[in-house]
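Encoded as structure tokens, the structure appears first; notes follow it.
What follows is calculated from the coordinates using simple rules that are stated; it is not laboratory data. Bear in mind the structure is a predicted one, so any value in this text is a computation, not a measurement. Here Cβ is always computed from backbone atoms with ideal geometry, including for glycine, and neighbour counts include all displayed protein chains.
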Protein chains: 2
Amino acid sequence: MNREQIIEQIKKKGSFLCVGLDTDIKKIPEHLLNEEDPIFAFNKAIIDATAPYCVAYKPNTAFYESLGVDGWKALDRTVRYLRENYSDQFIIADAKRGDIGNTSSLYARAFFENMGVDAITVAPYMGFDSVKPFMEYDGKWVILLALTSNPGSHDFQFRTDMTGTRLFEQVLETAQKWGTPDNLMFVVGATQGAMFAEVRRVAPSSFLLVPGVGAQGGSLEDVAKWGITHECGLLVNSSRGIIYASKGEDFAEAAAAEARKLRDHMTILLSTYGVI
Amino acid sequence: MNREQIIEQIKKKGSFLCVGLDTDIKKIPEHLLNEEDPIFAFNKAIIDATAPYCVAYKPNTAFYESLGVDGWKALDRTVRYLRENYSDQFIIADAKRGDIGNTSSLYARAFFENMGVDAITVAPYMGFDSVKPFMEYDGKWVILLALTSNPGSHDFQFRTDMTGTRLFEQVLETAQKWGTPDNLMFVVGATQGAMFAEVRRVAPSSFLLVPGVGAQGGSLEDVAKWGITHECGLLVNSSRGIIYASKGEDFAEAAAAEARKLRDHMTILLSTYGVI
């Protein structure tokens, strides 16, 4: 899926919502545990209910890996279901991978060729040869961690060098020599507030994948205020706030209601900032 | 497996060799492709042949993920085979994971509870809450990326702050507030040569996992010269140099010969530096 197609979907749906499929077997409604594949059954119901209100889905691989082989099967089925039934959705594997060059190539093969997602999140610590192999696939995306939403982001990402540049700024600068706004996005946490202005100074036209709205406390208003561009340039993720909106049999309807609420808010923001 | 047990094995075997099980279906001997599970068949033969000469095995998860569900099954079987038949071997999942706290907990569950490895490699970029969940398991280890063996290590890891401290040094310093030499090791690439002295200045007693000897060009002599401690403090990994020593039917014997050669060299080094 290319940049123009993503922007087209955002404008068409009045939404830049990404639904995080952080599906935890310990948190899904009890009645699903009788299903042959409870994780997939949950994801399918969530997807069918929320698809009108979002433009992307982001399964976090940790939730699937924690179930071993069964988890990988459920993840594979989920991605296949999306591709076959919702080809207008952008699919992100939130895997935070990154290794030496020949090994990153294998991760790229796993996620882009075998699983068939559109994008993968990648950690920058190991530098260019850990990131480049993911960029060798036409129409696929790297989403590089820049400024994350968690408390630990303050340990290294804000570290300032001799010239006053923070590490996350250097990651943004350096990575833009490896990729373009057509195959490279950045992760910037919603909890970072006014730092979005700093991010936009260095990466004015890149798409940003923004976790941390909702359960982690980030504000959608602030993210849009500091981060939105004339093409939108944002994919804002919500996971727990949507998929666990209810633990009862109405979980899918409750998820749809939350997603719709966010979509409605996003439509106003897209209009306020002149994107639509 | 605790620190004392690792040191005991090193002294007993005269070896600080870790065999990297970077098993690529495209590189294993052809005659194995007829096996029901070629990856496991290859690993089993390599393990049986090399176990007398090494103290650790390190499957890199990328190689298994690239095969999807079948790959995860082969990885699971390999770890189970090691645990059941070679309980004196230290098992490292080279996964380079790391995510926000609640998600890292799930990776810890996947690797420590379900798969049952002793250690996992973790990327430091996201800071303390991405690392801590892996430290909550008694007898398990975090092996944190500090100074990696690849060319991209120069992009961010050597970045110097206002006080002259390089990023990898700050990672070493900061992480030692989160863990101890009893549950925390660091990855330092063999290709980094004299930088080992800098690493030892900041982390004098931590075990270091050292990739990059062999195919990547690092020297075992240099690693020992700069990195060895009175307890050894090193696990030196070799992957391709051992497991692909021959592509014929004699692949396991050839692997054993390479592992034995490294063990012999290591025994001399352990003796030279007074560890044994």
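Couple of notes before you dig in:
- Position A:His31, label points 7 Å along Cα→Cβ, spacing to each other copy in nm (shortest first, one decimal): 5.8
- Long-range HN-HN contacts of B:Ile25 with modeled amide H, under 5 Å: none
- 3J(HN,Hα) from dihedral phi, the range A:158-165, Karplus parametrisation 6.51/-1.76/1.60, rounded to Hz, x for glycine, proline: 9, 4, 9, 8, 3, 8, x, 7
- Taking the number of Cβ atoms within 10 Å of each Cβ as an exposure proxy, the fewest-first ranking of B:Glu35, B:Glu258 is B:Glu35, B:Glu258.
- Cβ crowding within 10 Å ranks A:His265, A:His31 as A:His31, A:His265, fewest other Cβ atoms first.
- Across peptide B:69-82, the average count of Cβ atoms from other chains found within 10 Å of a residue's Cβ is 2.
- Take every DSSP beta bridge whose two residues both sit in the protein assembly as shown; close to 10 percent of them are antiparallel.
- Inter-copy label distances for A:Ala257: 7.2 nm (label point placed 7 Å from Cα along Cα→Cβ; shortest first).
- Shape of the range A:1-134, Cα gyration tensor, a/c cut at 1.5: oblate
- Taking the DSSP bridge list for the range B:156-276 and keeping only pairs wholly inside it, about 25 percent are antiparallel.
- If R0 is 41 Å, the Cβ-Cβ spacing of A:Asp182 and B:Glu253 corresponds to a FRET efficiency of close to 0.25.
- Shape of the protein assembly as shown, Cα gyration tensor, a/c cut at 1.5: prolate
- Spin-label model distance (nm) - A:Asp264 vs A:Glu113, 7 Å beyond Cα toward Cβ: 4.7
- Degrees, to the nearest 10: B:38-50 long Cα axis against longest axis of chain B: 70
- Antiparallel beta bridges, as assigned by DSSP with both residues in chain B, represent about 5 percent of the total such bridges.
- Förster radius 25 Å - calculated FRET efficiency between B:Phe158 and B:Tyr273 (Cβ-Cβ, nearest 0.05): 0.35
- Measuring between alpha carbons in the structure, the pairs from A:Lys96/B:Lys225; A:Lys27/A:Lys177; B:Lys96/B:Lys177; A:Lys44/B:Lys27 lying more than 31 angstrom apart are A:Lys96/B:Lys225; A:Lys27/A:Lys177; A:Lys44/B:Lys27.
- Protection proxy ranking, highest mean first, for peptides B:132-141, A:111-120: A:111-120, B:132-141, where packing is the per-residue count of other beta-carbon atoms within 10 Å, averaged.
- Sorted from closest to farthest, the other copies place their A:Gly274 label points 7.3 nm away, with each point set 7 Å from Cα along Cα→Cβ.
- Shielding by partners, peptide A:106-119 (average Cβ within 10 angstrom, other chains): 3
- By other beta-carbon atoms within 10 Å, ranking B:Ser104, A:Ser130, B:Ser219 with the fewest at the front produces B:Ser219, B:Ser104, A:Ser130.
- Near B:Val187, the amide H atoms lying under 5 Å from its own belong to B:Leu144, B:Leu145, B:Ala146, B:Leu147, B:Leu209; only residues 5 or more places off or on other chains count, and H is placed 1.01 Å from N.
- Taking amide hydrogens as placed 1.01 Å from N in the peptide plane, the amide H of A:Trp141 sits under 5 Å from those of A:Ala119, A:Ile120, each at least 5 positions away in sequence or on another chain.
- What the Cβ-Cβ distance of A:Asp88 and A:Asp138 gives, at R0 = 25 Å and to the nearest 0.05, is a FRET efficiency of 0.85.
- Angle between chain A longest axis and helix A:69-85 axis [Cα atoms, degrees, rounded to 10]: 90
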